[in-house]
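The next block holds one structure in the form of structure tokens; read it before the comments.
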Amino acid sequence: TDVVVSAINAQNAANTALTQEQIDTLEKQWRAEVKSGSGPLVDKVLNNDLSKFLQGIREKSQGLYTEIFVMDNKGLNVGQSDPTSDYWQGDEAKWQKTFLVGAGAVDISDVAFDESSEIYQVQASIPLMSGETVIGAITIGMNAALLE
């Protein structure tokens, strides 16, 4: 949807010059804020239009979707239905096996206990496209008990 593409494109443009050192600093800040319950970075992401859109989708899923989050071209969270345990997904398969592979890529995790959602879930991830260009990726966590 436009809200997804617009949010990713805006963050990709804003973070063009972001270094790995800066990403690592943001990751530390995110983890500290999640642990404390809030903070400027977490609040900014959780209260943006994309996050509100994703929260609505999760709420309408009747418990099937445990979490939904969208990542940019660096693997940073752009929007999410619920706080993730980390801000940078770029070092994880959910981003590496989708964004880096491109159109048609799919990554499906094993069933595992997720600390963020506190439920056994499986995650499905795909790249997000704008035309022929990969601009980000999305991960949808699904309640494993409801997938039978």
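The table for this structure:
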{"quantity": "Estimated inter-spin distance, Lys60 and Thr1, nm [label 7 Å along Cα→Cβ]", "calculated": "0.6 nm"}
{"quantity": "Residues whose placed amide H lies under 5 Å from that of Glu67, excluding near-sequence neighbours", "calculated": "Gly141"}
{"quantity": "Leading residue at positive end of dipole, the chain (Cβ point charges), from Ala13, Ala145, Met129", "calculated": "Ala13"}
{"quantity": "Kyte-Doolittle mean at least 0.5, axial Cα span of 15 Å or more - DSSP H helices of the chain", "calculated": "2-14"}
{"quantity": "Within a Gaussian network of the chain (alpha carbon springs, distance under 10 Å), most fluctuating of Leu18, Leu100, Leu26", "calculated": "Leu18"}
{"quantity": "Point-to-point label distance, Thr133-Lys28, nm (Cα→Cβ direction, 7 Å offset)", "calculated": "3.3 nm"}
{"quantity": "For peptides 122-128, 42-48, sequence by mean Cβ density within 10 Å, most packed first", "calculated": "122-128, 42-48"}
{"quantity": "Computed accessible area, Asp114, all protein chains, 1.4 angstrom probe, square angstrom", "calculated": "30 Å²"}
{"quantity": "Whole-percent carbon and sulfur share, accessible surface of region 10-148, 1.4 Å", "calculated": "53 percent"}
{"quantity": "Rounded to whole Hz, the Karplus (6.51, -1.76, 1.60) HN-Hα couplings of region 83-94, x for glycine and proline", "calculated": "x, 8, 5, 9, 8, 9, 9, x, 9, 10, 4, 4"}
{"quantity": "In nm, spacing of pseudo-spin labels at Ala93 and Asp110 (7 Å Cα→C-beta vector)", "calculated": "0.8 nm"}
{"quantity": "Dipole in debye (nearest 20) - the chain, about Cα centre, beta carbon charges: Lys, Arg +1; Asp, Glu -1", "calculated": "240 debye"}
{"quantity": "Within region 67-117: Cβ-based charge dipole about Cα centre, in debye rounded to nearest 20 (Lys, Arg +1; Asp, Glu -1)", "calculated": "280 debye"}
{"quantity": "Mean Cα-pair separation over length for region 89-148, i.e. relative contact order, pairs under 8 Å, 6 or more apart, %", "calculated": "30 percent"}
{"quantity": "Average accessible surface area per residue within the chain, 1.4 Å rolling probe, Å²", "calculated": "53 Å²"}
{"quantity": "Theoretical ellipticity at 222 nm over the chain - DSSP helices of four or more residues, -39500 (n - 2.57) apiece, nearest 500", "calculated": "-10500 deg cm²/dmol"}
{"quantity": "Rel. contact order, % - alpha carbon contacts under 8 angstrom, at least six apart, the chain", "calculated": "22 percent"}
{"quantity": "Of Lys74/Lys97; Lys52/Lys97; Lys74/Lys94; Lys52/Lys74, pairs whose Cα-Cα distance is over 20 Å", "calculated": "Lys52/Lys97; Lys52/Lys74"}
{"quantity": "Furthest towards positive pole of dipole, Ser85, Ser61, Leu100, structure part region 61-100, Cβ charges", "calculated": "Leu100"}
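The values are calculated or read from the model by the stated rules, or taken from the named source; none is laboratory data. Because the structure is a prediction, the values reported are computed rather than measured. Cβ atoms come from the backbone with ideal geometry, glycine included; neighbour counts cover every protein chain shown. Heavy atoms of the whole protein, side chains included, go into the accessibility calculation; ligands, DNA and RNA do not. Shrake-Rupley method; radii C 1.70, N 1.55, O 1.52, S 1.80 Å.
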